[in-house]
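**Student:** Mind looking over this structure? Questions follow.
The values are calculated or read from the model by the stated rules, or taken from the named source; none is laboratory data. Quick caveat: nothing in here was measured; it's all calculated off a predicted structure. Virtual Cβ from ideal backbone geometry, glycine too; neighbours counted across all protein chains shown. Heavy atoms of the whole protein, side chains included, go into the accessibility calculation; ligands, DNA and RNA do not. Shrake-Rupley method; radii C 1.70, N 1.55, O 1.52, S 1.80 Å.
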Amino acid sequence: MALETVAVLGGGAWGTALAQAAAMAGRKVTLVLRNEAQADAVNATHTNEAALPGQILLPNISASTAPVPADIFILAVPAQATRTLLTSLEPQLLAGKPVVLSAKGLETGTLARQSEILADMTPEAVGYVLSGPSFAADVAAGRPTAVTLAGDDASATSDLATALAGPSFRPYAADDRIGVEVAGSLKNVYALACGAVEGANLGASARSALIARGYAEMARMVHALGGSAHTLTGLAGLGDLTLTCTSVQSRNYQFGMALGAGRKTADILAGGAKLAEGVATAPVAAALAKSLDVDAPLIEAVDAFVAGRADIATIVAGLMSRPLKREH
């Protein structure tokens, strides 16, 4: 199958960055936006100022407000908007085509992963999951970035990874979609917690402990859902968890810092804070852990903290007073 044209559905920072990465790989790219004026501006100036101010886009990127046929589709809308996007598309558009899911989050209400939403809405599509340590600004600027691309067919996944690989963007092919998706979703929850630790000035030791115990908790969730804990040793697991839980570039980390400093979720959102996927994912992850009978005290704590049911002092006291047990 020829893999020469790419349609990126979603013109935010991440969608724009992935369009740039595909263009760097030599693909002809269409960036599909909702706003006609924004699409016109992209075509006229080769920038998407609303998403990535100052970043010049390659000439083999064009913008449209209508989905177009392509060899590869990349879905780059927030996790809670994936089902709505798929509802708006003609099913035949994606039939038999590789569809790369780049959102990191679990769906409110259904507890579904992104690939489960795709299978439910467009079963004829061939789903892949893209995740790993990557900030949109870095990818778009051509800074070295490595990610994981997971699919069911090893040969097809490798072909797709090759088609999307460029001089600074390196997708590693993998076969554990479940592990990659769960890691990508949960790391945002732990990033909220790590940001809160920073915002409350609890120290770097507490943050490092949280990352380590979050990793162990993530492994329990992945195993319970049928994925491989080995996946967590790679880019989609340890790589992304470390990046998101330690950098102020992370929206989830920033949001957690504000919470840790004493602000409320509603006030942060009302102040125009950028989307933090972990805010929506935390209660879904908590419900999923409960349904799987997985011990997930950190997820439960973040859910309570984000929802305003407990302050950080109470949460930390509760976590520190849990019964001691062997680490492994």
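**Student:** Quick one: what pairs do we get from region 146-169, first residue free of Cβ contacts under 8 Å to residues at least 60 places away in the same chain, second assigned to a loop (DSSP other than H, G, I, E, B) and not small (G, A, S), C-beta under 8 Å, 6+ apart or different chains?
**Tutor:** G151/D175; D152/D175; A154/D175; T157/D175
**Student:** Next up: Kindly indicate the residue of region 29-48 that is in a loop (DSSP other than H, G, I, E, B) and at pLDDT 95 or above and also most open to solvent (accessible area, probe 1.4 Å) among those meeting that condition.
**Tutor:** H46
**Student:** Follow-up question, since we're still on this one. Here is a check on your reading of the model: is G105 surrounded by 21 or more Cβ atoms within 10 Å (Cβ to Cβ), small (G, A, S) and outside any loop (DSSP other than H, G, I, E, B)?
**Tutor:** Working: surrounded by 21 or more Cβ atoms within 10 Å (Cβ to Cβ): yes; small (G, A, S): yes; outside any loop (DSSP other than H, G, I, E, B): no.
Taking the combined requirement at face value, the residue does not satisfy it.
**Student:** Quick one: count up the residues across region 254-301 that are farther than 19 Å from T110 by Cβ, assigned to a helix (DSSP H, G or I) and over 18 Å from the mean Cα position of the chain (by Cα).
**Tutor:** Residues in region 254-301 being farther than 19 Å from T110 by Cβ, assigned to a helix (DSSP H, G or I) and over 18 Å from the mean Cα position of the chain (by Cα): 14 in total.
**Student:** Going by the conditions given, is T162 of a type in the set (V, I, T), over 18 Å from V294 (Cα atoms) and open to solvent by 60 Å² or more (accessible area, probe 1.4 Å)?
**Tutor:** yes
**Student:** Only one residue in A66, A70 is outside any helix (DSSP H, G or I), surrounded by fewer than 18 Cβ atoms within 10 Å (Cβ to Cβ) and aliphatic (A, V, I, L, M). Which one?
**Tutor:** Values: A70 fails: surrounded by fewer than 18 Cβ atoms within 10 Å (Cβ to Cβ).
Exactly one of A66, A70 is outside any helix (DSSP H, G or I), surrounded by fewer than 18 Cβ atoms within 10 Å (Cβ to Cβ) and aliphatic (A, V, I, L, M), namely A66.
**Student:** Of all residues being in contact (Cβ under 8 Å) with a residue 12 or more places away in the chain and open to solvent by 70 Å² or more (accessible area, probe 1.4 Å) in region 49-63, which is nearest to A163 (Cα to Cα)? Just the residue, please.
**Tutor:** P59
**Student:** Output the qualifying pairs, or none if there are none: Cβ atoms under 6 angstrom, residues six or more apart or on different chains, first residue in region 267-282 and more than 11 Å from Q254 (Cβ to Cβ), second residue acidic (D, E) and part of a helix (DSSP H, G or I).
**Tutor:** If the second residue must be acidic (D, E) and part of a helix (DSSP H, G or I), the pairs left are A282/D303.
**Student:** For region 177-214, how many residues are surrounded by 24 or more Cβ atoms within 10 Å (Cβ to Cβ) and either of a type in the set (F, W, Y) or in a loop (DSSP other than H, G, I, E, B) (or both)?
**Tutor:** The qualifying residues number 1.
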